[in-house]
1. Given charges of +1 on the Cβ of Lys and Arg and -1 on the Cβ of Asp and Glu, with all other atoms neutral, how large is the dipole of the range B:251-346 about its Cα centre, in debye to the nearest 20?
2. Restricting things to alpha carbons, tell me how big the protein assembly as shown is in terms of Rg and Dmax, in Å.
3. About its Cα centre, how strong a charge dipole does the protein assembly as shown have in debye, to the nearest 20, once Lys and Arg get +1 and Asp and Glu get -1 at the Cβ?
4. Which three semi-axes in whole Å describe the equivalent ellipsoid of the range A:4-132, each the square root of 5 times a Cα gyration tensor eigenvalue, listed largest first?
5. Angle check, please: helix B:296-306 long axis (alpha carbons) against the longest principal axis of chain B (alpha carbons), in degrees 0 to 90, nearest 10.
6. Of A:Lys58/B:Lys88; A:Lys58/B:Lys152; A:Lys70/A:Lys196; A:Lys124/A:Lys196, which ones are farther than 19 Å apart at the Cα?
7. To the nearest 0.05, what FRET efficiency results for B:Ala368 and B:Arg466 with a Förster distance of 30 Å applied to their C-beta separation?
8. Suppose a student asked you for the relative contact order of the range A:244-398, using Cα pairs under 8 Å spaced at least 6 residues apart; what percent would you report?
Amino acid sequence: MADKTLQFLDVPRTDPAKAPVEARVVTFREIYAPFDAGGAAQQAGRCLGCGNPFCEWKCPVHNYIPNWLKLIEEGNLFEAAELSHKTNSLPEVCGRICPQDRLCEGACTLNDGLGAVTIGAIEKYITDEALKAGWRPDMSNVQVTGRRVAVVGAGPAGLACADILARNGVAPTVFDRYERIGGLLTFGIPPFKLEKDVLEKRREIMEGMGVRFRLGVEIGADLAFDALLAEYDAVFLGMGTYAAVRGGFAGEDLPGVHEALPYLIANIRRELGLPGAGAEGLTLRGKRVVVLGGGDTAMDCNRTAIRQGAESVTCTYRRDERNMPGSRRDYRNSREEGVEFLFNRQPIEIVGSEQVEGVKLVTTQLGAPDARGRRVPQAVPGSEQIVPADAVIIAFGFLPSPARWFGEHAIRLHDNGRVRVSAAAARPFQTTNPRVFAGGDMVRGSDLVVTAVFEGREAARGILDYLGVG
Amino acid sequence: MIATLRFARPGVGLISPPPHHDIYSIEDLAQLIFDLKQVNPQALVSVKLVAEPGVGTVAAGVAKAYADLITVSGYDGGTGASPLSSIKYAGTPWELGLAETHQTLRLNDLRHRVRLQTDGGLKTGLDVVKAALLGAESFGFGTAPMVALGCKYLRICHLNNCATGIATQHNVLRSKYFVGLPQMVMNYFNFVAAEVREILASLGARSLAEIIGRTELLEALPGVTPRQRKLDLRPILANSALAPGAPQFCVTPANAPFDKGELAERMVREMLPAIEGKRGGEFAYELKNYNRSIGARLSGEIARRWGNAGMADAPLTVRCRGNAGQSFGVWNAGGLHLYLEGDANDYVGKGMAGGRLVLRHPRGARYATHETVIMGNTCLYGATGGELFAAGVAGERFAVRNSGAVAVLEGAGDHCCEYMTGGAVCVLGRTGVNFGAGFTGGFAYVLDLERNFVDRYNHELIDISRIHPEAMQSHVQHLEDLLERHVAETASRWAEEIANDLRTFLPKFWVVKPKAASIDSLIENLRRAA
């Protein structure tokens, strides 16, 4: 390199190679190739090392991004992995599925026309390659405290909480109703974004750190919550949000109308060869599919349907392209893979007699911003149209799904069903039951993986304070 | 561009931050302020002080040294090129320094003579009002308007790769990625001003002047943490025991020095027609050692009309006799040739830009010139051009930070040629220790009769070599020229002896140059710079 300080100008931003569309739509494999060491170092070297690292501030877990970019530039893989794990329990997951374009890479100084540093791909590279080369978290200084904590839910919040507890000598046992760890990381996010052996590897590492997993156990059904309180010093709840938002229009219960999450879960179960893929097998081969919604879940459904061999996939969203809430990268990939988008369309009815035959849409225009600053779509009278469909997937988002037993254990909720937690600096995420902590989607409403990781870690800090250790 | 402004060449290292070897004491500072006011009598001179305990005393000294403005600079904010450790761990808040300065100046009846400015991370109108209440009448902003222009505080200003196109010479970055417009800064300051007005109105004041120094309008908060509750803020808010009528801000147009520089004014009166007509001419004066900064007034008048080197083709020759006061020939401009028969104090030729200074022993003196001091310390400090011939020995720190002047003298004290970045110095005699520390450009000839120069120069950045008559013909010739001119200008018997027997003396000369420079390029570079 002629001039190191101008590497960001001389070397353009280069994303890792992406599989060509024809090759990727016939499998559920991840579509991005990994970096090699030279490529990672060269891309990492584009970082300016800003005095105020905007990427680090924007990142919900405040990863030490410029610092590990520097380490990768210098070829110090293990040090980078160690540093990356200081702030993030699942960096290889976040590197794959964070919407970096809205977080670190969106905040990158170079994102003003110079091309942001490829932070996500490098984050993934660090942990993947370090684990491959034999790196494991350094647990040599951990003092065993003898305290035990139950973690309900092996999703990102639960895993992150268990990670911090284990690193502080508290023995966590993680319960999950599914037979694999990861929660939605395993069963919700399609494998073409996150291959499932990544989570298997993470399980192996966490077990190596002393985390116990008790899988296939649903608290409240297979095991009473009381049993946890009796056996453990504290409990962390990271149970997610599973209640699907409904459209509230006619025809939602017709055969051929699916909720997004059961659809995705069934597909993944089949891919993994697990039982319970759904009675009808739920594959959309040869069907005309309409996906309703414009978020990340809708994109996942779009791309899953494409890979299942749907004849056509049409995605409708009630605002315009610019106002889409999800990752731009997922949207671009969906388009590339052949999804057709209908913007400014709101479904008002699913039509059909025995079975879905189509979706009645009305054209919208954006009105004045609402309380959250988002412009409200308003229907244009007389603009109804019917898009023919054999299957409809509704991906309107998720609402809290509090367990029935919360009330019995003095775990109080907000009006909208989210769990109430303390905001105290020393003991964050404590629920109204002092021995119970909670974090992730069930506390904040459905959100990103990385925010769940952050809350799980913060809750672990609260638990450590409550237990008087660490 | 930067190299030109700094009188350096691209590739020559510059030591940063540059030490101020011309200001070791408050008297040095007073002299510097006088020099500046001589070269430009209309200018207001500002002195920036770091907010730290005792800054009030320093500020009182600075006010007595006839500065017109004093800036008390706090530790917030900071330049993007400085190391994080300096930004985080150096200095104290401007509030402390400003309060102390304002109180001390009022106590010593000096406040009305100087304008008091404060800076260091000022951002809002509230900051301005607080600073005014603590005694400031002027407010410095650096970082905030930069941010308004698109600065993202990357802290890489020194690397020439600023991605916002601000702190860089890189054409692509400047033309494609700099988004700043003057209106953005105007807009920012309009908002600051509007906020100041709102707060003033809420205080019932019509103008900022009404609230300067009104610390009773500030109320101490109890503090949140136990440590904060222990803070005693009363000393900051104390209104000195002086009568309330003592001025709270500057009421004089400028802080005029006691020394009116009467001889310098007479010289200007007598020579002004020659300067205005660009005619040149010859004049003669007697000097006493209280005649300070002689030549600066003339250089200022020349530079104002004709630029730094404007009268080089029609020089003014001024023949002086006697003992020159401090700063003889300071800021000397092109076309001003000062001859002095006698001797001079400190700072001869400080900041010289062009022209010629000649110092020689009185006619009939029988002492050996190369064993006799003819000028004081810190001569030719920071000179950027011109020439100096001195038939005698200079004090310490000769030609420190010289970047373009050519000088011949017959001996020098310690630290000669420190931080030099250009020009040439020829010492026909003994030098002190630490010769050439931080020397990154230009070159020197040193006559080493005692064969101990090797022990006297600073080995870090320079090397020395002998002059081989065959291989280094250009150096021999250059040295011969310098000797010849020195003899012609000063009638030095010592230089004449060397010139007449150069075969004997030549092997005793060293050529001193930066390690990074090639010996063959030295004279060519000097010629190109001239």
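The numbers here are math on the coordinates, done by the rules we state, and not lab data. All figures in this text were calculated on a predicted structure; none of them were measured in a lab. FYI the Cβ positions are ideal-geometry reconstructions off the backbone, even for glycines, and counts take in every protein chain you see.
1. On the way: 12 positive and 12 negative charges, 45 e Å.
Here the size comes out at about 220 debye.
2. Cα-based Rg and Dmax for the protein assembly as shown come out at 39.0, 128 Å.
3. Values: 109 positive and 111 negative charges, 226 e Å.
Its charge dipole is roughly 1080 debye.
4. On the way: eigenvalues 93, 60, 44 Å².
Semi-axes (√(5λ), whole Å): 22, 17, 15.
5. 90
6. Working: A:Lys58/B:Lys88 23 Å; A:Lys58/B:Lys152 15 Å; A:Lys70/A:Lys196 30 Å; A:Lys124/A:Lys196 14 Å.
Pairs exceeding the cut-off: A:Lys58/B:Lys88; A:Lys70/A:Lys196.
7. Details: r = 25 Å, r/R0 = 0.85.
Taking R0 as 30 Å, the efficiency between B:Ala368 and B:Arg466 is 0.75.
8. On the way: 337 pairs, mean separation 48.3, N = 155.
Over the range A:244-398, the number comes to 31 percent.
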